[in-house]
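Everything on this sheet refers to the single structure shown next.
The values are calculated or read from the model by the stated rules, or taken from the named source; none is laboratory data. Source: prediction; values computed, not measured. Cβ sites come from the backbone with ideal geometry, for glycine too, and all protein chains shown count toward neighbours. Accessible surface is based on the protein model in full, side chains and every heavy atom, while ligands, DNA and RNA are left aside. Shrake-Rupley method; radii C 1.70, N 1.55, O 1.52, S 1.80 Å.
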Amino acid sequence: MWRLFAVFLLSITPALAQENATAYEALSVVGTQLGRGALNHIVSVTGVEGDPQPEKWKIILEDPARDGVRELQVTNERIASDRPSGRRAAGSTEGATIDTARLNLDSSGVYAVASHTAEKSHTQFSTVSYTLRTDERGEPIWIVTLLSKSSRPVGTIYIGATRGTVRRTEGMFAGATMEDVENDYDREDEGGVIGSVKTRIKEEVHRTQEEARDMCDRVKRSFSDFINRD
């Protein structure tokens, strides 16, 4: 019996050890294979259906030589494909590059914050898709899409990649957005059941934001420290 158990452990150990790479680890591969200078031209980083991390990362690089961008696929600690692309990364401000020195949240930390936010909003999910890009002010931001078992989006969370602040949620907290909480949900002319529900949702959103900041302090990881580690 013990011999069979030992054989079983040996058979599952390699599978357990093969964890998918985080976004920082994928970027490290790019820096190693293309040179550190390539990290100054990152436009976006995307991974789909992670459990919790995706099998591969798509990294869009600014390509000044071709006045366009390059699309890299990173998987299994290597660049699996590298091809030019004539389009900019969707959502980025005119393809603005990410200042990696401002990154303080790896995708593993993003998953922790997103999971906590989902739990507080009673949102059930199976996998996570990640996008790291710049916002309208040029700040790096994570956009996390929570997916059901059937790959249907059940919620989206916008998390600042520098401070770990939950900036915005969609499809969560009974459909209330951060704008709702700060504007319409501040109205005091609604009483009864509707008013009490809105008050409760507002309190839940603010409490979740505070807890997310505390969690970010625990899972914070500077990309500069990560890439320069010995």
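Name the one entry in VAL69, VAL48 that is buried (at least 18 other Cβ atoms within 10 Å of the Cβ) and among the hydrophobic types (A, V, I, L, M, F, W, C).
VAL69
Which count do you get for residues in the stretch 31-45 that are of a type in the set (S, T, N, Q) and without any contact (Cβ under 8 Å) to a residue 24 or more places away in the chain?
Final tally of qualifying residues: 1.
Going through the stretch 119-137 one residue at a time, which ones are assigned to a helix (DSSP H, G or I), in contact (Cβ under 8 Å) with a residue 60 or more places away in the chain and within 17 Å of the chain's Cα centre (by Cα)?
From the stretch 119-137, those assigned to a helix (DSSP H, G or I) are 119-120; that's our starting set.
Retained after the next criterion (residues that are in contact (Cβ under 8 Å) with a residue 60 or more places away in the chain): 120.
None - no residue of the stretch 119-137 is assigned to a helix (DSSP H, G or I), in contact (Cβ under 8 Å) with a residue 60 or more places away in the chain and within 17 Å of the chain's Cα centre (by Cα), so the list stays empty.
For GLY164, are the conditions met, namely being in contact with a Gly (Cβ under 8 Å, 6 or more places away or on another chain), in a loop (DSSP other than H, G, I, E, B) and either at pLDDT 90 or above or open to solvent by less than 20 Å² (accessible area, probe 1.4 Å) (or both)?
Answer is yes for this residue.
Is it the case that the stretch 75-86 has a residue that's touching a strand residue (DSSP E or B) at 6+ places or on another chain (Cβ under 7 Å), over 22 Å from GLN33 (Cα atoms), open to solvent by 50 Å² or more (accessible area, probe 1.4 Å) and modelled with pLDDT under 95?
Residues of the stretch 75-86 that are touching a strand residue (DSSP E or B) at 6+ places or on another chain (Cβ under 7 Å), as a first pass: 79-86.
Then drop every residue that is not over 22 Å from GLN33 (Cα atoms), which leaves 86.
Okay, now just the ones that are also open to solvent by 50 Å² or more (accessible area, probe 1.4 Å), so 86.
With modelled with pLDDT under 95 added as a condition, the list becomes 86.
Yes, there is a match, as at least one residue in the stretch 75-86 is touching a strand residue (DSSP E or B) at 6+ places or on another chain (Cβ under 7 Å), over 22 Å from GLN33 (Cα atoms), open to solvent by 50 Å² or more (accessible area, probe 1.4 Å) and modelled with pLDDT under 95.
Scanning the stretch 89-129 for residues that are open to solvent by 30 Å² or more (accessible area, probe 1.4 Å) and of a type in the set (D, E, K, R), which turns out modelled with the lowest pLDDT?
Looking at residues that are open to solvent by 30 Å² or more (accessible area, probe 1.4 Å) and of a type in the set (D, E, K, R), I get GLU94.
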